[in-house]
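Data block below; observations after.
Here, each number is a calculation from the coordinates, and none is a lab measurement. The model shown is predicted, which means the values in this text are computed figures rather than measured ones. Positions of Cβ are backbone-derived with ideal geometry, glycine not excepted, and every protein chain shown enters the neighbour counts.
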Amino acid sequence: MTAVLGTTLVLATVAVGLTAGFLGAFAHTVMPALGKRDDVEYVGTFQAIDRAVSNPSFMVPFTAAPVLVAAALVMTLVDRGTRDAVPVAGAFVLAVATW
């Protein structure tokens, strides 16, 4: 179970990291540029971005992150107990919050 837990934690970390990187870059680069547009341009551009982003390279890590962290949480509870599960539970709360 330890190897499966380790693999799940690594995959969860990668998925969460990819999602955080995307959202961070979006917030610090795209949103300021959009803020300089009028309302009609803002909505049109944002809709175009949403269509472009809705693809597997974004959606797989975005949707897999909370699922992988939940799986890691369950495995940690079963394998190691409540004390070791606290950080994973915190990661799960944060992964769901970004969803």
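Quick look at the values:
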| quantity | calculated |
| --- | --- |
| Among TRP99, VAL40, THR13 - extreme Cα towards positive end, dipole of the chain, charges at beta-carbon | THR13 |
| Kirkwood-based Rg to Rh ratio, the chain, C-alpha trace | 1.14 |
| Percent of C-alpha pairs per 10 Å bin, the range 4-60, short to long | 20, 40, 25, 11, 4, 0 |
| Inter-probe distance in nm under a simple model that places probes 7 Å from Cα toward Cβ, at ASP39 and THR2 | 6.1 |
| Percent of Cα-Cα distances greater than 15 Å, calculated over the range 42-99 | 58 |
| At least 27 Å along the helix axis (C-alpha) and Kyte average at least -0.5, DSSP helices within the chain | 2-25, 56-80 |
| Linear extension gain, THR63 paired with THR29, 0.36 nm per residue minus alpha-carbon span | 9.9 nm |
